[in-house]
Amino acid sequence: MWTAPIRATAAMGVTACRLVGVTDARAQLIDHISAEAVFHGDFTLTSGKKATYYVDLRKVSLDHRVAPLIGQVMIDLIADVPDVFAVGGLTMGADPVAAAILHQGAARGLTYDAFVVRKEPKDHGRGKQVEGPDLQGKRVIVLEDTSTTGGSPLKAAEALEKVGAEVVAVAVVVDRATGAREIIEAAGYQYLAAIGLEDLGLV
């Protein structure tokens, strides 16, 4: 659980207290990702490009030790985006991240809801592609665990806008620096990333 000092001097203020906990959570998250989710070898990325490492964030985003850290770090990443109703993205990379934000947000007294965007609309039932609360007219943030081409967040954004949501940003846990930022910003969305390759010692 996110923690901050119980007491602080007036000079420190609330923001200073908050940043102690944030810095600690982010450092712990970087350590877990570096130790458990970075694999070295010969890999082919979604873009078709070759890489000598692969960041498999689901190795940690579904881990009971690390999921709370992801929630804490991502909440602070998106904290300055006003009036966000819900977070989520294209299944399945975004799903654990959205759940972490939902639960850690609730622990802080925040009211972020979560949603899931299917890759295709259901061919039965109500035929929905976006699952979760009603997002008509609501401000939402699209999530992704790691970015490569930006294709998954943009596909999610397209589906969300079809149901009347206002996509105000895309937020990723790890930015692989493979062009996703530029593509997403060119599409008109703010791009936020919690951790970069330099944080993981990969550049």
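The values are calculated or read from the model by the stated rules, or taken from the named source; none is laboratory data. Keep in mind that what you see is a predicted model, and the values were worked out from it rather than measured. With ideal geometry, Cβ positions are generated from the backbone for all residues, glycine too; neighbour counts draw on all protein chains shown. Accessible surface is based on the protein model in full, side chains and every heavy atom, while ligands, DNA and RNA are left aside. Shrake-Rupley method; radii C 1.70, N 1.55, O 1.52, S 1.80 Å.
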If we ask which residues in the range 167-186 are open to solvent by 10 Å² or more (accessible area, probe 1.4 Å) and of a type outside the set (Lys, Arg), their number turns out to be 10
task = Within the range 189-197, identify whether any single residue is under 17 Å from the mean Cα position of the chain (by Cα) and open to solvent by 60 Å² or more (accessible area, probe 1.4 Å), and answer yes or no.
result = yes
Filtering the range 36-52 down to residues that are in contact (Cβ under 8 Å) with a residue 60 or more places away in the chain and more than 21 Å from the chain's Cα centre (by Cα) yields Lys49
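Applying the selection to the range 167-192, what residues are assigned to a strand (DSSP E or B) and either out of contact with any Leu (no Cβ under 8 Å at 6 or more places or on another chain) or not small (Gly, Ala, Ser) (or both)?
Answer for the range 167-192, where residues must be assigned to a strand (DSSP E or B) and either out of contact with any Leu (no Cβ under 8 Å at 6 or more places or on another chain) or not small (Gly, Ala, Ser) (or both): Val167, Val168, Val170, Val172, Val173, Val174, Asp175, Gln190, Tyr191, Leu192.
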Considering only helices (runs of 4 or more DSSP H) wholly within the range 63-166, the ones with at least 3 residues that are open to solvent by 40 Å² or more (accessible area, probe 1.4 Å) and either in contact with a strand residue (DSSP E or B) (Cβ under 8 Å, 6 or more places away or on another chain) or of a type outside the set (Ser, Thr, Tyr) (or both) are 94-107, 151-162
Taking the range 31-61 and the residues there that are in a strand (DSSP E or B) and of a type in the set (A, V, I, L, M, F, W, C), the one that is surrounded by the most Cβ atoms within 10 Å (Cβ to Cβ) would be Val55
